[in-house]
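Data block below; observations after.
The values are calculated or read from the model by the stated rules, or taken from the named source; none is laboratory data. Keep in mind it's a predicted model, so treat the numbers as computed, not measured. Backbone-built Cβ (ideal geometry, glycine too); neighbour counts: all protein chains shown. Heads up: the accessible areas ignore ligands, DNA and RNA and are worked out on the full protein's heavy atoms, side chains in. Shrake-Rupley method; radii C 1.70, N 1.55, O 1.52, S 1.80 Å.
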Number of protein chains: 2
Amino acid sequence: MVAGEEKQMEKIAEGIYKITYQKPEPFTPVSMRKSEMADGALERLGKGRKDGAAALPFEETEIQFEQTARGITVTLPMKTDEDIYGFGLQLLSLNAAGRKRYVKVNSDPRMDTGESHAPAPFYVSTAGYGLLVDTYRYATFYMGTNTEKGTSAGKREVNIPHREFSESALYAFKRAKEERKVIIEIPAAGGIDLYFFAGDVKEAVMRYNLFSGGGCLPPMWGLGMWYRVYGGSDENHVKKLAKGFREDKMPVDVIGIEPGWHSHSYSCTYEWGYLFPNHQEMVDTLNQEGYHVNLWEHIFVYPAAPFYEKLLDYSGDYEVWNGLVPDFATEEARNIFAGWHEEQFIQNGIAGFKLDECDNSDFNPSNWSFPDSTKFPSGMDGEQMHNAVGVLYQELIFNAFKNRGIRTLSSVRSSGALAAPLPFVLYSDLYGHREFIRGMVTASFSGMLWAPEVRDCASGEDLLRRVETIVFSPQALLNCWRIPNPPWEQVCIEKNLQNEAMEERAFYMDACRKLFELRMSLLPYLYSAFVEYHELGIPPVRAMAIEDPEDYEARGIDDQYFFGRDLLVCPLTLEDGDSREVYLPAGLWYGFFDGQPYEGGRRLSVQAKEEVIPVFVRDGAIVPMAEPVLCVREDTVFEMTIRSYGRKEGAYTLYEDDFTSFQYENEGMREVEIRRGGDGKIEIAGGENSLRYRFKGKTEFIG
Amino acid sequence: MVAGEEKQMEKIAEGIYKITYQKPEPFTPVSMRKSEMADGALERLGKGRKDGAAALPFEETEIQFEQTARGITVTLPMKTDEDIYGFGLQLLSLNAAGRKRYVKVNSDPRMDTGESHAPAPFYVSTAGYGLLVDTYRYATFYMGTNTEKGTSAGKREVNIPHREFSESALYAFKRAKEERKVIIEIPAAGGIDLYFFAGDVKEAVMRYNLFSGGGCLPPMWGLGMWYRVYGGSDENHVKKLAKGFREDKMPVDVIGIEPGWHSHSYSCTYEWGYLFPNHQEMVDTLNQEGYHVNLWEHIFVYPAAPFYEKLLDYSGDYEVWNGLVPDFATEEARNIFAGWHEEQFIQNGIAGFKLDECDNSDFNPSNWSFPDSTKFPSGMDGEQMHNAVGVLYQELIFNAFKNRGIRTLSSVRSSGALAAPLPFVLYSDLYGHREFIRGMVTASFSGMLWAPEVRDCASGEDLLRRVETIVFSPQALLNCWRIPNPPWEQVCIEKNLQNEAMEERAFYMDACRKLFELRMSLLPYLYSAFVEYHELGIPPVRAMAIEDPEDYEARGIDDQYFFGRDLLVCPLTLEDGDSREVYLPAGLWYGFFDGQPYEGGRRLSVQAKEEVIPVFVRDGAIVPMAEPVLCVREDTVFEMTIRSYGRKEGAYTLYEDDFTSFQYENEGMREVEIRRGGDGKIEIAGGENSLRYRFKGKTEFIG
């Protein structure tokens, strides 16, 4: 810090500290957020490992600030062995230690720069803290990439011939052995607020999520199966598909309709076009059949859109795809946009939206989105808007639903800081299966949910491997916009377009159905995980480094993750074949399907046929399983079976409400507590009064 | 422009105009350059198509400036049909119209963002102007990506079903049909100088090169064959290779030695290590055998380097690979660094350097280079230094040679604005053959030279295709750092490491030899092209859009190019097989090798066996060809044969001097003018007095 500059550390909640340097910008994630900090939960979580400023692993004076021509530079100490997680959704790597992270919204980066659909200026360190840099600027974080001048003075090594002259050695990713610095650059800003979250990785993540307002709570149907239909569909095709799912007993909760429903998309009119002449009848029919309907859109408003004129004054000064870029930082634009959605769609039975193309496009061969220099009427510029718009867009759609008292789970392609309370799942169809899996792991550090969607499949086996992953993910989404028939009929796009079925159709349909049913069985279990995300800030799907920050062996793992409280999921990809290595933390584990016991604290190789995904259950776990339904309706009652793993005392709480409204905010959740005593006997407290869960004493004991 | 702000257009040379907005930064390409503008040549080139401000295709008032929190925003008009070239070396696309270009030095971008080893804030437009934005900042250029708000009002199109919902349609690169803007953002700056270059694409490029100081003039040997040896080489291995080339009659002029010569590289000591105990004897022997020796290095100074202590005060505040980052904007650092090179290497027979790793590394999986926030003693910051260091490094090495009166042609991995006078060729081994070819085309707009080096080859055929390309390139470089034996012995890296020769060794060695000899035959012709680069600013290897800016058909072509005045080169890659499409501009053309005539103004398919590259010669051309030598020595005299294509009157000028020193700056060049009259007779004016070219009346008439 330059001598004489003012900065001050302030405690704003238990375990959360804020430092302000000079005069921060008016548009930042914290200053613009609509959700309130979950004070009560933060209070209950406690003070962090130590109290006061000492809760951070360095002294306040070690946090240094500087104002330069380029903006603000912040430096922090960083130890050699620190691992760093976060920065939002990251598809290409997990641990940011030794790396640069460039916090810029950008679709489909192919290189590991930190850019993503949903980056966040937030990270957690294994040194025992989290840090939110409260900015929408394209901040750069140097996470110990460099040593300070003079650190290496005195070194006198000599080349090791040959070995040091191989390409792999020259360009290997290296972490310095010396003490380093975290260097954070916030361009253009004249001041900055930093928010520190005390605690180990798990606590810091929980605090960050509670500071954001707590995790989102989706409606129960949102946890069911999702199917996005063929892009070229008309209403008859959609109805035919929907009918087919029911006839084939394929559980599907949500039907997503792609751009073709608009009279003009790219940019959008937000009005039904001629492919859907009787759209309301279609929506009503789908709703009666128990489907929830999700509509694709983006923010760019085509001149033929009915509210184009009204938005003119509340839009940026450049067009995208001939459309306006609404300024969602103005109340007017929010009201015009949200109002239209509420009146035209939400009150007519539309259950959610897919908010597409709100990420920027430096890497995509296309050339969309607005310049960073764009001026918005609110006073925001294009740079800020790029990093903000994903969250602003989610908030306004969320609030349009909330106005009607209806919960949604929707889809969005961009997000940012403080997004945990927003019931949106991130997606993009431009990744491989391995990256889809990594995304779930990395997103979990920053209050984000990621859908490892089933998209183009190379084979029936590939289809099953991908379905297995979505079953154990925040959103079980099949994205079939390129194929008119379901993928279990035909995975090959060309043949699918010709309505030509696969020979093994029956096998794959059956295998998919079983996996979909498995998802439906897990709904009550998963709902509990979301309630705990909402109330405690624990991510429902999360990295192993969150589950046990002290387990060094688990820290770097980005291809297995926890699903709900007790399931450890280790997906296989087509490339893996039928076996992979897994790491089981210390303790006893059971195979979720076969009940086979495994001693943990080690790596082992596991095998699984194409229709089976390796999932392990913690000793002592209670996993409530439901009879699968085809979809979750208003009046669905889940017929429960209790799976009891091991013999230790244990408990699991199911939560119930109407599963669709905000009534729980006033009335709270009803709880059903399933308990296994030391005697191995199962008791279900509240079970007999439950309206949505029915217990007939079915219990399976494993181990 | 904000009302009341001052700006003024000033004519600084014929056809070159400068506009200053507010107070520009102290560190910029123009303010730091060491070369002087080539006033005389600019004067001779004339005034541009029109005089005064009207030489630009828009009014001065249409150039708008704004200061924002983010820096300076400049906007210019852009017409729908404008094509845009430049921005330095671009591997991934040619025409920037409709694209964003982010001018940031970055090694190996895999996506088309504008970043490259050698970006430049300079472009030329087919509207008839060039523009240099005088900044080292990471400027962003939006080349007509967006329309202004309201441009599209009134549009009432509707979706075309199916067709518009294919992935290719959704993400196709689209250019707006409406009038657009060029938007330029210069971050952090409080003012900016713009330099406009009037004229069509060719004239604007020439003016830019002459403004830069004129093109570089390499020594004749630099135009010969280059061979970079195995990274694991010791001095005996180098000598053995060199002996082998002579025994096998393989022309090689330059031997490049890779990092292993340093006692420590990554970072560097700039001292010979134990793999080269008798290095001076090796260098002397190589020199006696007619080789020029080039040494690999980078800027990062290891603590064991002899001048480490001296540099401490003149280095940035962070280390890279444990080494200092010298501040080449300080005279002290330049003198320490250049002085060492002069005393230790240049005066001991080293002919050039390979300046590696001076590009930044956001995309490489490794994590080198210094933070953008790095502070340098000169006052530059890391952002500026990243965009400047390639040129600063070239300048200091160039001047170390110049101090000794010796010319060099060297290699460098990064460059930037105003680099034309610097005798360095850009390289990187991380591209495919197609990108290597495109790089020659794109670099030619911005005063840069690019080596489409031969690196890893998939097969013997691939080797020949790549060698064919380097023969017709600015620098005929084989980069063999991964293989101990020449690639014509064995292309497979693993087998090469085992000293296992290919079965077809004799064929490929012979085919390579013939291609190398072809390069050596072209040396006098190519030297003339470089003299004209130096004196007129015409790139020796250049895009078709430079050759004839009015030829619309040729504008977008990035896989064929002009080599010297009259050769049109259309390389084949392994992927092409033995045929490709070429475009011949209007007029008559001849096959360079077979003399077959072709009517131009059309596209046609050509075939060529693996050892033949399609090259076309303009009707009327005179191409002087030399008897190939194994290398260019101090006293080499070229035995010339005149190839005369067609029957029109024509002329070609050969230039001669000592080919190695700066004497020509005082004494000028001697000229030999070869002329063909209307009667088809060849006259050689000055041929009999020539010291370096011998003419024995050998002439080949084609057509």
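Equivalent ellipsoid semi-axes for segment A:622-702, as square roots of 5 times the alpha carbon gyration tensor eigenvalues: give them largest first, rounded to whole Å. Walk me through the intermediate numbers first.
On the way: eigenvalues 118, 45, 17 Å².
They are 24, 15, 9 Å, listed from largest to smallest.
Pull up all non-local amide H partners of A:Phe638: gap of 5 or more, or a different chain, and H-to-H distance under 5 Å with H placed in the peptide plane.
Amide H neighbours of A:Phe638: A:Tyr693, A:Arg694.
Would you be so kind as to list the residues of segment B:263-285 that have their accessible area lowered by at least 20 Å² in the full protein complex compared with their chain by itself (1.4 Å probe)?
Residues of segment B:263-285 that lose at least 20 Å² of accessible area once the other chains are added: B:Ser263, B:His264, B:Ser265, B:Tyr266, B:Tyr274, B:Leu275.
For segment A:622-702, with only Lys/Arg (+1) and Asp/Glu (-1) charged at the beta-carbon, what is the dipole magnitude about the Cα centre, in debye rounded to 20? Intermediate values should be presented prior to the final figure.
Working: 12 positive and 16 negative charges, 115 e Å.
The calculation lands at about 560 debye.
Considering only B:Gly680, B:Pro597, B:Gly260, whose Cα is most displaced toward the positive end of the charge dipole of the protein assembly as shown, charges sitting on Cβ of Lys, Arg (+1) and Asp, Glu (-1)?
Of the options given, the answer is B:Pro597.
Show the residues, 5+ positions off or on another chain, whose built amide H is closer than 5 Å to the amide H of B:Trp450.
B:Leu426
Output the peptides B:377-383, A:224-230, B:151-157 sorted from most to least packed, where packing is the average of other Cβ atoms within 10 Å over each peptide's residues. Walk me through the numbers on the way to the answer.
Working: B:377-383: 21.0, A:224-230: 25.6, B:151-157: 14.1.
By packing density, highest mean first, the sequence is A:224-230, B:377-383, B:151-157.
Label segment A:224-522 by shape, choosing from rounded, prolate and oblate, from the square roots a ≥ b ≥ c of the eigenvalues of the Cα gyration tensor; if a/c is under 1.5 it is rounded, and otherwise prolate applies when a/b is larger than b/c, oblate when it is not. The partial results should precede the final answer.
Details: a/c = 1.80, a/b = 1.52, b/c = 1.19.
Verdict is prolate for segment A:224-522.
Divide by every residue of chain A the summed helix terms, -39500 (n - 2.57) for each DSSP H run of at least 4, and state the resulting mean residue ellipticity at 222 nm, rounded to the nearest 500 deg cm²/dmol. Kindly include the intermediate steps, with their values, before the conclusion.
Values: 16 runs with 157 residues, N = 703.
Counting only the DSSP helices, I get -6500 deg cm²/dmol.
Amide H of A:Asp83: which non-local residues (sequence gap of 5 or more, or other chain) have their own amide H closer than 5 Å, using H built in the peptide plane?
Sorted by chain and number, the residues that satisfy this are A:Thr126, A:Ala127.
Share of the protein assembly as shown's accessible area from carbon and sulfur, percent, 1.4 Å? Can you show the working numbers first?
Working: 20990 of 45380 Å².
On the protein assembly as shown, the fraction of accessible area on carbon and sulfur atoms equals 46 percent.
Count, for each residue of A:344-352, the Cβ atoms from other chains sitting within 10 Å of its Cβ, then give me the mean as a whole number. Numbers along the way, then the final one.
Working: counts 0, 0, 0, 0, 0, 0, 0, 0, 0.
If you average over the peptide's residues, the count of other-chain Cβ atoms is 0.
Compute for chains B and A the buried accessible surface, both sides summed, probe 1.4 Å, and express it in Å² to the nearest 100. Mind dumping the intermediate values first?
On the way: alone 26540 and 26490 Å², together 45380 Å².
Counting protein atoms only, the buried area is about 7700 Å².
If you place +1 on the Cβ of every Lys and Arg and -1 on the Cβ of every Asp and Glu, how big does the dipole about the Cα centre of chain B come out, in debye to the nearest 20? Walk me through the intermediate numbers first.
Details: 74 positive and 107 negative charges, 255 e Å.
Once rounded to the nearest 20, the dipole reads 1220 debye.
Excluding residues fewer than 8 places away in the same chain, name every one of the lysines whose C-alpha is closer than 30 Å to that of B:Lys609.
Leaving aside lysines fewer than 8 places away in the same chain, those within reach of B:Lys609 are B:Lys249, B:Lys495, B:Lys514, B:Lys698.
Within straight cross-link reach of B:Lys79, meaning Cα distance under 19 Å, which lysines are found once same-chain residues fewer than 8 apart are removed?
B:Lys100, B:Lys149, B:Lys174, B:Lys177, B:Lys181
Considering the options B:Phe398, B:Ala417, B:Ser428, tell which one lies farthest towards the positive end of the dipole of segment B:377-446, charges being +1 on Lys and Arg and -1 on Asp and Glu at the Cβ, about the Cα centre.
Farthest along the dipole direction, towards plus: B:Phe398.
Counting only the heavy atoms of the protein chains, how much of B:Trp340 is accessible to a 1.4 Å probe, in Å² to the nearest 10?
About 40 Å², ignoring ligands and nucleic acids.
Could you state the accessible area per residue of the protein assembly as shown in Å², with a 1.4 Å probe and every protein chain left in place? Please report the intermediate quantities before stating the final value.
Details: 45380 Å² over 1406 residues.
Normalised by residue count, the accessible surface of the protein assembly as shown is 32 Å².
Counting Lys +1, Arg +1, Asp -1, Glu -1, what net charge surrounds B:Gly601 among other residues with beta carbon under 12 Å of its beta carbon?
Values: positive: B:Arg602, B:Arg603; negative: B:Asp548, B:Asp551, B:Glu553, B:Glu599.
Local charge sum for B:Gly601: -2.
Within segment A:162-205, list the chymotrypsin sites (Phe, Trp or Tyr not before Pro) lying in a DSSP loop whose Cβ has at most 14 other Cβ atoms in a 10 Å radius. It would help to have the intermediate numbers written out before the result.
Details: sites: A:Phe165, A:Tyr171, A:Phe173, A:Tyr195, A:Phe196, A:Phe197; in loops: A:Tyr171, A:Phe173.
Sites meeting the loop and neighbour criteria: A:Phe173.
Taking N as the number of residues in chain A, what is its alpha-carbon radius of gyration divided by 2.2 N^0.38 Å? Don't skip to the answer; put the middle values down first.
Working: Rg = 25.2 Å, N = 703, 2.2 N^0.38 = 26.6 Å.
Working it through for chain A, the quotient is 0.95.
Across segment B:596-607, in residue order, what do the Karplus-derived ³J(HN,Hα) couplings come to in whole Hz, using 6.51 cos²θ - 1.76 cosθ + 1.60 with θ = phi - 60° and x for Gly and Pro?
5, x, 9, 7, x, x, 7, 9, 8, 8, 10, 10
Specify whether the C-alpha gyration tensor of the protein assembly as shown places it in the rounded, prolate or oblate class, a ≥ b ≥ c being the square roots of the eigenvalues: rounded for a/c under 1.5, otherwise prolate if a/b is larger than b/c and oblate if not.
Working: a/c = 1.84, a/b = 1.73, b/c = 1.06.
Because a/c hits 1.5 or more and a/b exceeds b/c, the protein assembly as shown counts as prolate.
Could you size up the charge dipole of the protein assembly as shown around its Cα centre, putting +1 on the beta carbon of Lys and Arg and -1 on that of Asp and Glu, and report it in debye to the nearest 20?
400
Considering only DSSP beta bridges where both residues belong to chain A, give the percentage that are antiparallel (nearest 5).
Values: 88 of 120 bridges.
Just about 75 percent of them are antiparallel.
Along segment B:529-543, what does the Karplus equation 6.51 cos²θ - 1.76 cosθ + 1.60 (θ = phi - 60°) give for ³J(HN,Hα), rounded to whole Hz, x for Gly and Pro?
4, 6, 4, 6, 5, 5, 8, 10, x, 7, x, x, 10, 8, 5
Could you tally the net charge around A:Thr469, taking each other residue with its Cβ under 14 Å from the Cβ of A:Thr469, Lys/Arg +1 and Asp/Glu -1? Display every interim value, and only then the final one.
Numbers: positive: A:Arg434, A:Arg438, A:Arg455, A:Arg465, A:Arg466, A:Arg519, A:Arg580; negative: A:Glu435, A:Glu453, A:Glu461, A:Asp462, A:Glu468, A:Asp558, A:Asp559, A:Glu575, A:Asp576, A:Glu610, A:Glu611.
With Lys, Arg at +1 and Asp, Glu at -1, the neighbours total -4.
Is there a simple number for the mean count of other chain Cβ atoms within 10 Å of the Cβ of residues in B:317-325, and what is it?
Numbers: counts 4, 10, 10, 4, 5, 9, 3, 4, 2.
Counting Cβ atoms of other protein chains within 10 Å of each residue's Cβ and averaging gives 6.
If packing is taken as the mean number of other Cβ atoms within 10 Å per residue, what is the order of B:177-184, B:447-454, A:597-604, highest first?
Numbers: B:177-184: 19.8, B:447-454: 27.9, A:597-604: 12.8.
Top of the packing list down: B:447-454, B:177-184, A:597-604.
State, to one decimal in nm and shortest first, how far the label point of B:Asp551 sits from each corresponding label point in the other identical copies (label point: 7 angstrom along Cα-to-Cβ).
Ordered by distance, the counterparts are at 6.6 nm.
Among the lysines, which fall within straight-line cross-link reach of B:Lys34, defined as a Cα-Cα distance under 20 Å, with same-chain neighbours fewer than 8 residues apart omitted?
Correct list for B:Lys34: B:Lys18, B:Lys402.
Please give me the summed charge of the neighbours of A:Tyr136: other residues whose Cβ is under 10 Å from its Cβ, Lys and Arg +1, Asp and Glu -1. Please report the intermediate quantities before stating the final value.
Working: positive: A:Arg137; negative: A:Glu25, A:Asp134, A:Asp381, A:Glu383.
For residues surrounding A:Tyr136, the net value is -3.
Regarding segment A:535-618, what is the average projected area of its C-alpha convex hull, in nm²?
Working: hull surface 22.9 nm².
Seen from a random direction, the Cα hull of segment A:535-618 projects 5.7 nm² on average.
Place the label 7 angstrom along Cα→C-beta at B:Asn499 and in each other copy, then list the distances from the first to the rest in nm, shortest first.
Nearest first, the other copies' label points are 6.9 nm away.
Once a ≥ b ≥ c are taken as the square roots of the eigenvalues of the Cα gyration tensor of segment A:60-214, is the result rounded (a/c under 1.5), prolate (a/b larger than b/c) or oblate (a/b not larger than b/c)? It would help to have the intermediate numbers written out before the result.
On the way: a/c = 1.70, a/b = 1.49, b/c = 1.14.
Taking the square roots of the gyration eigenvalues as a ≥ b ≥ c, segment A:60-214 is prolate.
Evaluate peptide A:301-314: per residue, the Cβ atoms of other protein chains within 10 Å of its Cβ; return the mean as an integer.
Details: counts 0, 5, 8, 5, 0, 0, 0, 3, 1, 0, 0, 3, 1, 0.
Mean inter-chain Cβ contacts per residue within 10 Å come to 2.
Rounded to whole angstrom, how close does the nearest chain A beta-carbon get to the axis mapping A onto B, and which residue is it?
Taking Cβ atoms only, the nearest residue and its distance are A:Arg110, 3.
Which Cα, out of A:Pro628, A:Val389, B:Gly224, lies furthest along the positive dipole direction of the protein assembly as shown (beta carbon charges, K/R +1, D/E -1)?
Towards the positive end, the residue furthest out is A:Pro628.
For segment A:403-457, which trypsin sites (Lys or Arg not before Pro) pass both filters: DSSP loop (anything but H, G, I, E, B) and at most 15 other C-beta atoms within 10 Å?
Values: sites: A:Arg404, A:Arg407, A:Arg413, A:Arg434, A:Arg438, A:Arg455; in loops: A:Arg404, A:Arg407, A:Arg413, A:Arg455.
Here the sparse-neighbourhood loop sites are A:Arg404.
Put the label 7 Å from Cα along Cα→Cβ for A:Lys174; what are its distances to the other copies, in nanometres, shortest first?
Going from nearest to farthest copy, the values are 4.8 nm.
In whole Hz, with x marking every Gly and Pro, tabulate ³J(HN,Hα) for segment A:135-150 from phi via Karplus 6.51 cos²θ - 1.76 cosθ + 1.60, θ = phi - 60°.
Whole-Hz 3J(HN,Hα) from phi for segment A:135-150: 8, 9, 5, 6, 6, 10, 10, 9, 8, x, 6, 10, 9, 7, 3, x.
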